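Trainee: Before I ask anything, here is the structure I am working with.
The values are calculated or read from the model by the stated rules, or taken from the named source; none is laboratory data. All values derive from a computational prediction rather than experimental measurement. With ideal geometry, Cβ positions are generated from the backbone for all residues, glycine too; neighbour counts draw on all protein chains shown.
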Amino acid sequence: MSEPIRVVVTGAAGQIAYSLLYMVAKGDVFGPNQPLILHLLDIPPMMGVLEGVVMELDDCALPLLHGVVPTDDPAVAFKDVSAAFLVGAMPRKQGMERKDLLSANVKIFKVQGEALDQHAKKDVKVLVVGNPANTNALICSRYAPSIPKENFTAMTRLDQNRAQAQIAQKLKVPSRQVSNLIIWGNHSSTQVPDASHAGVEINGSVLPVPEVVKDAAWLNSTFVETVQKRGAAVINARKMSSAMSAAKAASDHMRDWFMGTQPGKFVSMGVVSDGSYGAPKDVIFSFPVSIKGGKWEIVKGLEINDFAKKLLEVTGKELEEERQEAIQIIEA
Ligand code: NAX
């Protein structure tokens, strides 16, 4: 057994965290031989609820969990952490404009960026889940200049997993047989779910998904829209937003970042853009990445058709606009 690592989850009294904490604490992310100490951050009015979450974690009697630190102080929450799940954010309330939402969140992620900068390990891996996730990650990174930009990522893995599930259902195969789905761009309704480089394993060989589906119209419309609107569909049915699946996606994202991807396989993550595939530079843009030794690399050289190129432009523009609005708020 190695020494315990410290892992922070923000929004720890919320519904995603309720599933995520269990997954992390039982070894789904850092493996069965990695003990950990969980730092749980939430806001002062939620400290009572958080106490209940701590009691439940205690009562799980998990062998890998060496301690729990509940707090409303970012300086305590981010102290010496090796991994950060930034789930907590200001939710969109009725009548709230995008700008109001951005404004509230820019403030939260500025504070958390500064706290990471001062207190976290310099190689901390940060995953932003709280929306608007891409721009929140960008802001967080700006306020943590001593931590490499590559260490700040945003979650589009839920969209990727949703896409994988749609293809698996269409082909009537278990989802593990489907791989290399891509989500491009922003985690918003402009995201671009793309199955054109995906593979499906049938009788031991991997075949291109478009050739097996043989339904370009479905892939370009129904598939894309179903993935884009899946979050709203879950809210309609459950009267609450996706939580279990969001927690699973956050676990998948961080596990792959720490453990790496299989040869020939890639996953989608919102990462700092180098301008690949015509995306704007210096926004957090979701790309297909392969991961080795804890470092991600954008998969280069994939062919993009004209239809997808146009959609990539739209989602890139939206991210540039969000960045501009966020900077205006900061500088105001
Ligand atoms: P909940 O409202 O259940 O929980 C959020 C928690 O964050 C609350 O306990 C709240 O007190 C806390 N919080 C608020 N401000 C905080 C701060 N400054 N520091 C620490 N904690 C703070 O929301 P939940 O359903 O858990 O969703 C959390 C976030 O994930 C939301 O922003 C949501 O939009 C986002 N999502 C992102 C997804 C993605 O794929 N990137 C998908 C799922 C989810 O919708």
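Trainee: Show the residue pairs meeting these rules: Cβ distance below 8 Å; 6+ apart or different chains; first residue within the range 306-332 and touching a residue at least 40 places away in the same chain (Cβ under 8 Å) and under 12 Å from residue 99 (Cα atoms); second residue outside any helix (DSSP H, G or I) and among the acidic types (Asp, Glu).
Mentor: As it stands, the answer is 323/282, since those pairs meet every condition given.
Trainee: Which residue, of 224, 271, is assigned to a helix (DSSP H, G or I), among the β-branched types (Val, Ile, Thr) and either within 15 Å of residue 181 (Cα to Cα) or not assigned by TED's automatic domain parsing to the domain that holds residue 127 (or both)?
Mentor: On the way: 271 fails: assigned to a helix (DSSP H, G or I).
Being assigned to a helix (DSSP H, G or I), among the β-branched types (Val, Ile, Thr) and either within 15 Å of residue 181 (Cα to Cα) or not assigned by TED's automatic domain parsing to the domain that holds residue 127 (or both) holds for just one of 224, 271, which is 224.
Trainee: Only one residue in 247, 217, 233 is assigned to a helix (DSSP H, G or I) and within 12 Å of the ligand (Cβ to nearest atom), so which one is that? Quick ask: steps written out before the conclusion?
Mentor: Numbers: 217 fails: within 12 Å of the ligand (Cβ to nearest atom); 233 fails: within 12 Å of the ligand (Cβ to nearest atom).
Only one candidate passes the filter, namely 247.
Trainee: Then there is this: Within the range 224-234, identify whether any single residue is within 15 Å of residue 15 (Cα to Cα), hydrophobic (A, V, I, L, M, F, W, C) and buried (at least 21 other Cβ atoms within 10 Å of the Cβ), and answer yes or no.
Mentor: No, that holds for no residue.
Trainee: Based on this model, can you work out whether residue 68 counts as in a strand (DSSP E or B), without any contact (Cβ under 8 Å) to a residue 60 or more places away in the chain and closer than 23 Å to residue 295 by Cα? Walk me through it before giving the result.
Mentor: Numbers: in a strand (DSSP E or B): yes; without any contact (Cβ under 8 Å) to a residue 60 or more places away in the chain: yes; closer than 23 Å to residue 295 by Cα: no.
So residue 68 does not fit the description; no.
Trainee: Looking only at the range 1-20, count how many residues are in contact with a strand residue (DSSP E or B) (Cβ under 7 Å, 6 or more places away or on another chain) and within 11 Å of the ligand (Cβ to nearest atom). Spell out the reasoning first.
Mentor: We begin by selecting, within the range 1-20, every residue in contact with a strand residue (DSSP E or B) (Cβ under 7 Å, 6 or more places away or on another chain); these are 4-10, 12, 17, 20.
After this cut, where a residue has to be within 11 Å of the ligand (Cβ to nearest atom) as well, the list is 8-10, 12, 17, 20.
Adding up the residues that qualify gives 6.
Trainee: Now for a separate question. So residue 241 passes all but one of these: (1) surrounded by fewer than 19 Cβ atoms within 10 Å (Cβ to Cβ); (2) farther than 14 Å from residue 161 by Cα; (3) more than 11 Å from the ligand (Cβ to nearest atom). Which condition number does it fail?
Mentor: Among (1) surrounded by fewer than 19 Cβ atoms within 10 Å (Cβ to Cβ); (2) farther than 14 Å from residue 161 by Cα; (3) more than 11 Å from the ligand (Cβ to nearest atom), the lone unmet condition for residue 241 is (3).
To keep it simple, each residue is scored yes or no on (1) modelled with pLDDT of 95 or more; (2) among the charged types (D, E, K, R); (3) crowded, with 18+ Cβ neighbours inside 10 Å.
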site: 148; (1), (2), (3): yes, no, no
site: 156; (1), (2), (3): yes, no, yes
site: 174; (1), (2), (3): yes, no, no
site: 185; (1), (2), (3): yes, no, yes
site: 189; (1), (2), (3): no, no, no
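Trainee: So, in the range 75-90, exactly how many residues are out of contact with any Leu (no Cβ under 8 Å at 6 or more places or on another chain) and within 11 Å of the ligand (Cβ to nearest atom)?
Mentor: Looking only at that region, the number is 1.
Trainee: Okay, moving on. Check the range 76-91 and report whether any residue there is part of a helix (DSSP H, G or I), among the aliphatic types (A, V, I, L, M) and either outside the structural domain of residue 269 (by TED's automatic domain parsing) or modelled with pLDDT of 95 or more (or both). Please lay out each step first, then the result.
Mentor: Initially, the range 76-91 is screened for residues part of a helix (DSSP H, G or I), giving 76-77.
Next, from what is left, pick out any that are among the aliphatic types (A, V, I, L, M): 76-77.
Now narrow it down to the ones that are either outside the structural domain of residue 269 (by TED's automatic domain parsing) or modelled with pLDDT of 95 or more (or both): 76-77.
Within the range 76-91, one or more residues are part of a helix (DSSP H, G or I), among the aliphatic types (A, V, I, L, M) and either outside the structural domain of residue 269 (by TED's automatic domain parsing) or modelled with pLDDT of 95 or more (or both).
Trainee: Tell me whether the range 119-130 contains one or more residues that are in contact (Cβ under 8 Å) with a residue 24 or more places away in the chain, more than 12 Å from the ligand (Cβ to nearest atom), over 22 Å from residue 255 (Cβ atoms) and in the same structural domain as residue 39 (by TED's automatic domain parsing).
Mentor: Restricting attention to the range 119-130, the residues satisfying the condition of being in contact (Cβ under 8 Å) with a residue 24 or more places away in the chain are 119-130.
Applying the additional criterion that residues be more than 12 Å from the ligand (Cβ to nearest atom) yields 119-126.
Next, from what is left, pick out any that are over 22 Å from residue 255 (Cβ atoms): 119.
Within this subset, residues satisfying the condition of being in the same structural domain as residue 39 (by TED's automatic domain parsing) are 119.
The answer is yes; a qualifying residue exists.
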